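Worksheet: one structure, shown below.
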Amino acid sequence: MNDDDVLRQIQPIFREVFDDDSLIITGATCAEDIEDWDSLAQINLVVGIEKKLNLKFSLAELQGLESVGDMVQLIISKVDP
Amino acid sequence: MNDYRINGIREGLAAEFRVTVSRMMMDLFLQISGDNNPMHLDREFAREHGFEDRLVYGMLSSSFYSRLVGVHLPGKYSILHSIEVSFNKPVYMGDQLLVSGVVTHVNEAYRQIEIKAMITNQSGDKVSKAKIKVGIHG
């Protein structure tokens, strides 16, 4: 699984959480780029990703994330350890 | 009042309670909300538009989801994050409602649970459904 594969899988989750079918995320996307990306959206994103990819993240893993790219790398590390 | 903490909650944990919708509840809701739509106040108006009686406010019946979360599941340490509600069938004064919910997802990292809830009436009809996301603090 590469970065683009992961982005393709998680983009629908971002679109649903932010209710924006035109939203396009990249590895550089971060919370400052999306107006409604608050703590509640963060929870909804993580839970949505966990459900879709059948993964579990610890709080320590999540606290180190600063961008979508960081999340992508974290996902890859858990899917292809 | 229950006081579940995040580590005490598993998928499948459920709770329920019964409540009868009264005229006083309708009067109080009118005072709070200011919603004086005749569908809720005027029996004849409601009957002219196809309903048996004055309609109980959807948000009044939804308020029982607040009790479900705040008192029963998880109870004391709950913080309501979001709720999606549908109103499937009309509710009338005097209806005896069963409000129930079951935990469908637990996220330990962010201390949030998801609850699938519903309200049924005395005939067993599902009058409302809800998906509730609740944070657990403390």
Report task. Check off (1) more than 10 Å from the chain's Cα centre (by Cα); (2) surrounded by 21 or more Cβ atoms within 10 Å (Cβ to Cβ); (3) not aromatic (Phe, Trp, Tyr) for B:Pro90 and give me the number that stays unchecked. Result -> (2)
**Report entry** A:Asp36, sole failed condition from (1) within 12 Å of chain B (Cβ to nearest Cβ); (2) closer than 19 Å to A:Arg15 by Cα; (3) loosely packed, with under 15 Cβ neighbours inside 10 Å
**Finding:** (1)
Report summary line: B:Arg111 fails exactly one of (1) on the phi > 0 side of the Ramachandran plot; (2) touching a Ser or Thr at 6+ places or on another chain (Cβ under 9 Å), namely (2)
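Scanning the range A:39-59 for residues that are closer than 19 Å to A:Arg8 by Cβ and at the interface with chain B (Cβ under 9 Å from one of its Cβ atoms), which turns out surrounded by the fewest Cβ atoms within 10 Å (Cβ to Cβ)?
To start, the set of residues in the range A:39-59 that are closer than 19 Å to A:Arg8 by Cβ comprises A:45-46, A:48-55.
Among the residues that remain, those that are also at the interface with chain B (Cβ under 9 Å from one of its Cβ atoms) are: A:46, A:50-51.
Numbers: A:Val46: 22, A:Glu50: 16, A:Lys51: 13.
Among those residues, the one meeting the criterion is A:Lys51.
Against the definition (more than 10 Å from every other protein chain (Cβ to nearest Cβ) and in contact with a Leu (Cβ under 8 Å, 6 or more places away or on another chain)), how does A:Val68 come out, yes or no?
Working: more than 10 Å from every other protein chain (Cβ to nearest Cβ): yes; in contact with a Leu (Cβ under 8 Å, 6 or more places away or on another chain): yes.
Taking the combined requirement at face value, the residue satisfies it.
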Query raised in the report: Going by the conditions given, is B:Leu80 more than 14 Å from chain A (Cβ to nearest Cβ), touching a residue at least 12 places away in the same chain (Cβ under 8 Å) and not β-branched (Val, Ile, Thr)?
Result: no
Query raised in the report: Of all residues in the range A:7-24, which are aromatic (Phe, Trp, Tyr) and not in a helix (DSSP H, G or I)?
Result: A:Phe18
Query raised in the report: Scanning for something in contact with a Leu (Cβ under 8 Å, 6 or more places away or on another chain), within 30 Å of A:Val17 (Cβ to Cβ) and either polar (S, T, N, Q) or in contact (Cβ under 8 Å) with a residue 12 or more places away in the chain (or both), does the range B:31-40 turn up at least one residue?
Result: no
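Quick one: would you say A:Ile24 is closer than 19 Å to B:Ser82 by Cα and β-branched (Val, Ile, Thr)?
For A:Ile24, the condition - closer than 19 Å to B:Ser82 by Cα and β-branched (Val, Ile, Thr) - is not met.
Could you say whether any residue in the range A:60-76 is surrounded by fewer than 18 Cβ atoms within 10 Å (Cβ to Cβ), touching a Ser or Thr at 6+ places or on another chain (Cβ under 7 Å) and either at pLDDT below 95 or assigned to a loop (DSSP other than H, G, I, E, B) (or both)? Spell out how you get there, then give the answer.
Going residue by residue through the range A:60-76, those that are surrounded by fewer than 18 Cβ atoms within 10 Å (Cβ to Cβ) are A:60-64, A:66-67, A:70, A:73, A:76.
When the remaining residues are screened for being touching a Ser or Thr at 6+ places or on another chain (Cβ under 7 Å), the result is A:67.
Cutting the leftovers down to either at pLDDT below 95 or assigned to a loop (DSSP other than H, G, I, E, B) (or both) gives us A:67.
Yes, because at least one residue in the range A:60-76 is surrounded by fewer than 18 Cβ atoms within 10 Å (Cβ to Cβ), touching a Ser or Thr at 6+ places or on another chain (Cβ under 7 Å) and either at pLDDT below 95 or assigned to a loop (DSSP other than H, G, I, E, B) (or both).
Give B:Ala130, B:Ala46 a once-over and let me know the one that is away from chain A (no Cβ under 14 Å) and over 19 Å from the mean Cα position of the chain (by Cα).
Numbers: B:Ala130 fails: over 19 Å from the mean Cα position of the chain (by Cα).
Sole residue among the options that is away from chain A (no Cβ under 14 Å) and over 19 Å from the mean Cα position of the chain (by Cα): B:Ala46.
The values are calculated or read from the model by the stated rules, or taken from the named source; none is laboratory data. Here the structure is a predicted model, which means the values were calculated and not measured. Using ideal geometry, Cβ is built from the backbone for each residue, glycine included, and neighbour counts are taken over all protein chains shown.
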